[in-house]
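The values are calculated or read from the model by the stated rules, or taken from the named source; none is laboratory data. If you're wondering where the values come from, they're calculated on a predicted model, not measured in any experiment. Here the Cβ is made from the backbone with ideal geometry for all residues, glycine too, and neighbour counts use every protein chain on show.
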Amino acid sequence: MILDMLPILSGASQELHFDFSFVPEKDGLLVSVYEDVDFTDPIVVTGYVKNMAGYMILHADVKVKYDTMCARCAEPVSSVLEITFEKDIASSGDVSSDNDDYIIIEDKKLDVLPSVEEQIMLEMPSKTLCKEDCKGLCYKCGKNLNEGECSCEKHEVDPRLAVLKTLLK
Ligand SMILES: [Zn+2]
Ligand SMILES: [Zn+2]
């Protein structure tokens, strides 16, 4: 999403609204970073750019629907990540181009997408669970413990107790 910043830069308007959606590209950043995540629905972005008398900000609301595997039991999970963020905007020349605190306007145009992708990567949970208290899989037999207990002995026997047990035999 490339915004034409001319109306703001020239003072013709104080605020520019935008909304767009995008499907992460197959060989793009998001897909390569989150290999186990399936971005099923287009990511929806709404927001605005505003002139704050002397400086400019970008405000964006982002909604990401995705499918992945539960980090404990490996069952499929659908989840939604909702993000709101604001970032300062500067014209190229005013700040150095490697200053990450700003989104830089190049040629009176502002590319919203890189900031959105960056923000998603900051806020994407490293683990998604099917439910808060997912019991996971038994590490011995592999049974999904959400579906019920298995018959494996749950706690490793304390080695000292094991010695005692053999002595008692
Ligand atoms: Zn789970
Ligand atoms: Zn088991």
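Points worth noting:
- Filter result for LYS109 (modelled with pLDDT of 90 or more, closer than 30 Å to LYS127 by Cα and in the same structural domain as LEU16 (by TED's automatic domain parsing)): no
- Neighbours by Cβ (under 9 Å, 6+ apart or cross-chain): first from region 134-155, closer than 22 Å to PRO76 by Cβ; second more than 16 Å from ligand 1 (Cβ to nearest atom) and of a type outside the set (Gly, Ala, Ser): CYS138/CYS152; CYS138/LYS154; TYR139/CYS152; CYS141/CYS152; LYS143/CYS152; CYS150/LYS140; CYS150/CYS141
Yes/no matrix, rows are residues, columns are (1) in a strand (DSSP E or B); (2) touching a strand residue (DSSP E or B) at 6+ places or on another chain (Cβ under 6 Å):
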{"position": "LEU3", "(1), (2)": "yes, yes"}
{"position": "ILE8", "(1), (2)": "no, yes"}
{"position": "PRO24", "(1), (2)": "no, no"}
{"position": "VAL49", "(1), (2)": "yes, yes"}
{"position": "GLY54", "(1), (2)": "no, no"}
{"position": "CYS73", "(1), (2)": "no, yes"}
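- Every residue from region 122-140 that is outside any loop (DSSP other than H, G, I, E, B), under 11 Å from the mean Cα position of the chain (by Cα) and either within 16 Å of ligand 1 (Cβ to nearest atom) or surrounded by 12 or more Cβ atoms within 10 Å (Cβ to Cβ) (or both): GLU123
- Applying a threshold of 7 Å to beta carbon distances and a minimum spacing of six or more residues, or different chains, the list of pairs starting in region 29-44 at a residue that is over 8 Å from TYR66 (Cβ atoms) and ending at one that is surrounded by fewer than 14 Cβ atoms within 10 Å (Cβ to Cβ) and modelled with pLDDT under 90 reads VAL31/GLU25.
- Every residue from region 38-72 that is hydrophobic (A, V, I, L, M, F, W, C), modelled with pLDDT of 95 or more and surrounded by 19 or more Cβ atoms within 10 Å (Cβ to Cβ): ILE43, VAL45, VAL49, LEU58, ALA60, VAL62, VAL64, CYS70
- In a residue-by-residue description of region 41-63, the property of being under 15 Å from the mean Cα position of the chain (by Cα) and of a type in the set (Lys, Arg) applies to at least one position.
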